[in-house]
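The values are calculated or read from the model by the stated rules, or taken from the named source; none is laboratory data. What you see is a predicted model; the values in this text were computed from it and never measured. Positions of Cβ are generated from backbone atoms using ideal geometry, with glycine treated the same way; all protein chains shown enter the neighbour counts.
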Amino acid sequence: MERLYRDFLLIVLIFLAITVVINFSPSNILVRNEQDVGMQCNVKGTFAQPVKSTIKSHLSTKVKIPDIYNTDKGDRIVEQMNFVPKGEIIGTKYILIPDIGSFGIDEGQVPFEKSECKVKNCFVTSMRKSGVRYDARIVYQQIFNTDVQTMQDEVQRHPEQIWIYYNLESPVVSPDYFMIGQVFNWTATYRHDSTIVAPYEKWSVTDDSLLISRNYAFGKTKKVAIFVSNCDTTNQRIQYVNELSKHIVVDIYGACGNYTCGREIEQECFNILKQDYKFYLAFENANCRDYITEKFFRNALLNNVLPVVMGAHPDDYKRSAPHHSYIHVEDFKSPKHLAEYLHTLDKNDQLYNQYFKWKGTGSFIDTKFWCRLCAMLNDPYKPNLIIKSLTNRNETRVWQQDDHMITRYNNMMWKLKDRQKSDMSSKDIRSILQNGGTILNTEGYMWEFGRRGYLKYGAYTPEVVLEHPNLVESMYREFVHAGSDVVQAFTYFGHREKLKSVGREEDLETLNRTALRLARKVADDTDKIMAAGICNTGVWDPDNETTKILARKMFKEQVEWAVEEKADYIIGETYNDSEEAMAALETIKEFGKGLPAVITMAAYFPDITVDDIPFPQALRKLEEAGAAVVGLNCARGPKTMLPLIKEIRKVCKGPIAAIPVPFRCTDEFRTFQSLKDPETGKYLYPNNLESVRCNSEDIREFAEEAKRIGVQYIGLCCGNCSALFRELAESYHRKPLASKYAPDISLSSVFGEPSGKKYGRADKIRAFMLNLKY
């Protein structure tokens, strides 16, 4: 009997022991191979397939997770916002956040009171106090494997304490968490399968029947902008932007571009975006699941500009964004195809406004993160989850697998090896410009030959074509080497009247055909566009019909030679009289066999032509009459030409040209003819202008401002040289052969680093050169 009693007690003790183990061992805890910190993005810029979270239990029946915790139920934000725990709310829930400053909240109960939470008995603190029973601890973002043990040792962790991993950054810029296992219970990230989803914004539809009447394209004169300062990302967004910019004008603000947009002037940048631009490139720094940041919501949608997105999967945008509110790069085979679609929208306000039909149908709501957290911490039925792994590193395919998305992504992108042909593979300038491309054309042969001693200032006739054709061909090639898209035949002032003035009228046709043939040869050799040119005649008198007839005859013969020598288009330049410019255009249209015409005029001090027509109106008439491009050339420098170009941009609908002289003209001296020597007060024009020539920084500033205005046809006129033109080309994202020889002061034995340090006398020589103390 006694033995039976002992056996009975033993059985009871064993049963109690098993009960304790069942209730408190990890086998009763829901275990997840957690992927919901947003770790699914591929370093090649593609999306990896998610690994399904798993739940393990000692129970034979399937464990049912309450819906507000069930990551299979979507983001559950609204359900969590409406959740109130059953039963009486007792006591205070303490939440430890050591780096609370990162959240921008006050300590105590303030976050819950400000948000008017339904459950507000929670208290946040950054103070680690022994003896305090913390109900939750939030670990913010940038933790490392070595930090985990330290954090666990700081404050005693009781079995019911919830550790929450919080991260709003992409995995690409987050540490490697492969050693962090079975530490965290919940996650709070932007991903829809987090325990508590913390998106950058949450869109909620209220009435999708509303119709908009506003034209969101009205008043916007520019096309595409992007704010970006991280130029080296795994998804190669800048490379995509650069490729896109070959087909449509893209203004890049921030460290990766040439437009300033720092935090101190952030609102000013947003105002420019809202007022001027139709499209914004909301390109994330990585292509990861659900990774949609303020670039999309704040920068674009809230500023009434249509976002073009790269980052999350298209399905993620469909789930998170207002319906039909964006364009995804993955919907296009290449940047070129995307650019073509943007041009279509740019020309059709009705199509453009389709992307704003969501306006007024809903709102971005406060997701009340702190309220949701507090309510869930008070839930007596909350499952005690343990995240087995933040990365599930043993599943290497999550990071590296070449799934179908890689192929799709690579096909979508810019495979540079397959893009050897530039924009200039088409010689039709109208097509290039209509597709958003830019054309860089070097002018200024006349001035450069004069500087080199092969042309007489005053007469300005291109006799060098007859006397030194090899030098002319060499200069053509030199400017192509510097980045010109066009080889323009040197026929400026090569018309009948000017050659007659120097006794060479009989050489007229020979000179023109020689210049044209040399240009055609170089253009064919270098795969560039070849342009012919006619110019101001010096005889046009609006009150003398005979001079008008003479001018038209001069235009006609040069245009006919241009057609016969197979020019790709014809330039009519440096007109100061609007009627003469129109006569040149009409002649090109009549005898040019359909070749496009680029007509540019010279603006002197007044902003009107010599026949008293404001330049914007004069050029608009030329545009309406059929010119492919209109604009200004010569006379004014970059700083004095651009203000007028801005006014022209407001009036003219098509491509505009800006081709200034590279001299430092000012409001006081608007033209290079008016510039004076600051020491003597004498006029510098024509042969003493070197002292006021622009430098490379001047040209880059001009190019960047021209891009911002929307100039698609750009160059430099009298005073141009290959070094300055290279600066212009590089500003337009070209990499001409001359870039190989761009200045690199680091190679200097005196000024360079570290080379300068290797040369023992470098510091002393530099001090002598700069008059510094040594």
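Structural remarks
- Residue within the stretch 579-602 that is in a loop (DSSP other than H, G, I, E, B) and touching a Leu at 6+ places or on another chain (Cβ under 8 Å) present: yes
- Criterion: free of Cβ contacts under 8 Å to residues at least 60 places away in the same chain and of a type outside the set (Val, Ile, Thr) - qualifying residue of SER696, SER674: SER696
- Residues that are hydroxyl-bearing (Ser, Thr, Tyr) and in contact with a helix residue (DSSP H, G or I) (Cβ under 8 Å, 6 or more places away or on another chain) within the stretch 469-486 comprise TYR476, SER484, listed in sequence order.
- All positions within the stretch 442-492 that are closer than 18 Å to GLY533 by Cβ and aromatic (Phe, Trp, Tyr): TYR445, TRP447, PHE449, TYR460, TYR476, PHE479, PHE490, TYR492
- Only residues that are part of a loop (DSSP other than H, G, I, E, B), within 37 Å of the chain's Cα centre (by Cα) and of a type in the set (Val, Ile, Thr) were counted in the stretch 479-497, giving 0.
- Scan of the stretch 227-273 for residues that are in a helix (DSSP H, G or I), more than 11 Å from the chain's Cα centre (by Cα) and either modelled with pLDDT under 80 or buried (at least 17 other Cβ atoms within 10 Å of the Cβ) (or both), ordered by number: ARG263, GLU264, ILE265, GLU266, CYS269, PHE270, ILE272, LEU273
- Some residue of the stretch 677-685 being modelled with pLDDT of 95 or more, assigned by TED's automatic domain parsing to the domain that holds LEU440, part of a helix (DSSP H, G or I) and in contact with a strand residue (DSSP E or B) (Cβ under 9 Å, 6 or more places away or on another chain): no
- Just one of the listed residues (GLU579, GLU590, GLU560) is assigned by TED's automatic domain parsing to the domain that holds PRO660, over 40 Å from the mean Cα position of the chain (by Cα), under 24 Å from ARG649 (Cα atoms) and not aliphatic (A, V, I, L, M), namely GLU579.
- Among residues of the stretch 560-578, those that are of a type in the set (Asp, Glu) and surrounded by 17 or more Cβ atoms within 10 Å (Cβ to Cβ), counted: 4
- Answer residue from the stretch 498-524, given it is of a type in the set (Asp, Glu) and surrounded by fewer than 16 Cβ atoms within 10 Å (Cβ to Cβ) and is farthest from the chain's Cα centre (by Cα) among those: GLU506
- The condition of being more than 30 Å from ALA562 (Cβ to Cβ) and of a type in the set (Lys, Arg) holds for LYS650.
- Picking from residues in the stretch 525-559 that are buried (at least 22 other Cβ atoms within 10 Å of the Cβ) and polar (S, T, N, Q), the one that is nearest to THR600 (Cα to Cα) is ASN536.
- Test: residue in the stretch 689-697 that is assigned to a loop (DSSP other than H, G, I, E, B), surrounded by fewer than 20 Cβ atoms within 10 Å (Cβ to Cβ) and of a type in the set (Gly, Ala, Ser): no
- Subset tally (residues that are under 18 Å from ILE252 (Cα atoms) and polar (S, T, N, Q)) for the stretch 711-735: 2
- Qualifying residue in the stretch 655-668 (condition: more than 16 Å from ALA581 (Cβ to Cβ), touching a Ser or Thr at 6+ places or on another chain (Cβ under 6 Å) and crowded, with 17+ Cβ neighbours inside 10 Å): yes
- Unique residue being farther than 19 Å from TYR713 by Cα, surrounded by 17 or more Cβ atoms within 10 Å (Cβ to Cβ) and free of Cβ contacts under 8 Å to residues at least 40 places away in the same chain when the list is PRO606, PRO614: PRO614
- Selection count, the stretch 579-603, where residues are within 24 Å of LEU716 (Cβ to Cβ) and of a type outside the set (Val, Ile, Thr): 10
- Any hit, the stretch 545-554, residues being of a type in the set (Asp, Glu) and over 20 Å from ALA519 (Cβ atoms): yes
- Taking the stretch 335-392 and the helices (runs of 4 or more DSSP H) fully enclosed by it, the elements with 2 or more residues that are buried (at least 17 other Cβ atoms within 10 Å of the Cβ) and of a type in the set (Phe, Trp, Tyr) are at 369-377.
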